[in-house]
């Protein structure tokens, strides 16, 4: 059937409008597809140059393009049949060319769909790896322009056990003494091992090796200085039981080398207060919100010598809870106040019904009292302490040792430098004790390259009948 000329013109016009733009678009698409083919040839395998979304979009566009090409072609054929002056051979040639282009586009479309499937497959594999191996980083993906970032893997659970509630610490100090005494000695090596049973109940221990070597004929000894259980009962109350340091003076509880001036501990807190002094017993403690702390302890007592060179020397009475006599117990009371920044004021009192438990048939009651202050403002510091013993009985009175006392005052100044902190100090001590009845002068310097590491150098003069002079150097640490 022939269409009239107006219908043929409309068909031709419609074919050109629909078909020709699609042909132009396909011609513009050809360089892109050729580039993809060249890249595939160079790499030897299909390369993924578009993400999944782009590939799927391209696939749909190409399908629509092919449909439009076919529609345009059919309409063009219809229009051609309506024109008598059109060469049929040219039409056939043009149709064959279109068929070849369509075949090529179908091939490219199949390749694009294959690439899309491969991208989706690798994405699925990546998600599977991420879900089954959370502790390891996701494997590298050869994704396209924008790689997906996987969330960081979760950490494995930390094993739980007693070790999670156990802590260790310690301190140590090396001394070099020159002058009237020439000696080098690793004086103390100490380890702390503490354990929290729960939020309220804990174990505190301290083990010390003195003078490097211990045993028969050796200068040192291994000592258990602390081993007690402490429980909190709320509202600032706590109770401890076992072997513990007595709360007396400034150094007895806090004597790590980086916390005080001077290589050696001061003479007052070595002779009048026999630092380090520990006993076995129980203690009750109350801490108030205003900075006041009260402590009351009932514990084993001293057993001092009653004759010989150490008669009524307080330090000789420490039995260190090592098969120690328990016939006469002692009571110690302590109060500390640190409610003002930089100020610590305190004191303690002790009573023992017989300080010579096994060494004298005579009962020698003993009372001890001490007061102390530690004041710090800016770099300036001041420490002072006074302690006094009163011992009853004829024997100590006949030896002039029924009253023993001592005090010291220690000003200091601490300042920053480019290599750490430094501090200078001077100290005057006076003792009236079984061992010393004299004044002692100290002056020196501390250097802290780290707050827990200290280097010390100081000069000591004991102003007694022999006028002893010492030059002391020390290295100390705490952790």
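The values are calculated or read from the model by the stated rules, or taken from the named source; none is laboratory data. Here the structure is a predicted model, which means the values were calculated and not measured. Methodologically, a virtual Cβ is constructed for each residue, glycine included, from the backbone with ideal geometry; neighbour enumeration extends over all protein chains shown.
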Problem set entry | One residue from 458, 463, 467 being crowded, with 19+ Cβ neighbours inside 10 Å and either more than 28 Å from residue 359 (Cα to Cα) or not assigned by TED's automatic domain parsing to the domain that holds residue 344 (or both) | 458
For this session: Determine if the range 332-345 includes at least one residue that is surrounded by 15 or more Cβ atoms within 10 Å (Cβ to Cβ), over 30 Å from residue 236 (Cβ atoms), in contact with a strand residue (DSSP E or B) (Cβ under 8 Å, 6 or more places away or on another chain) and modelled with pLDDT of 95 or more.
Result: no
Seminar exercise, completed: If you go through 272, 268, the only one that is touching a residue at least 12 places away in the same chain (Cβ under 8 Å), touching a helix residue (DSSP H, G or I) at 6+ places or on another chain (Cβ under 7 Å), closer than 18 Å to residue 368 by Cα and crowded, with 22+ Cβ neighbours inside 10 Å is 272
Problem set entry | Yes/no for residue 184 being over 30 Å from residue 466 (Cα atoms) and modelled with pLDDT of 95 or more | no
Exercise. Are any of the residues in the range 382-398 surrounded by fewer than 19 Cβ atoms within 10 Å (Cβ to Cβ) and over 25 Å from residue 350 (Cβ atoms)?
Worked result: yes
Seminar exercise, completed: Among strands (runs of 3 or more DSSP E) entirely within the range 156-216, at least 2 residues that are in contact with a strand residue (DSSP E or B) (Cβ under 8 Å, 6 or more places away or on another chain), without any contact (Cβ under 8 Å) to a residue 12 or more places away in the chain and surrounded by fewer than 16 Cβ atoms within 10 Å (Cβ to Cβ) occur in 183-196
For this session: Could you run through the range 450-479 and say how many residues are modelled with pLDDT of 95 or more, part of a strand (DSSP E or B) and farther than 22 Å from residue 184 by Cα?
Result: 1
Exercise. Buried (at least 22 other Cβ atoms within 10 Å of the Cβ) and touching a helix residue (DSSP H, G or I) at 6+ places or on another chain (Cβ under 7 Å) - does that describe any residue in the range 284-301?
Worked result: no
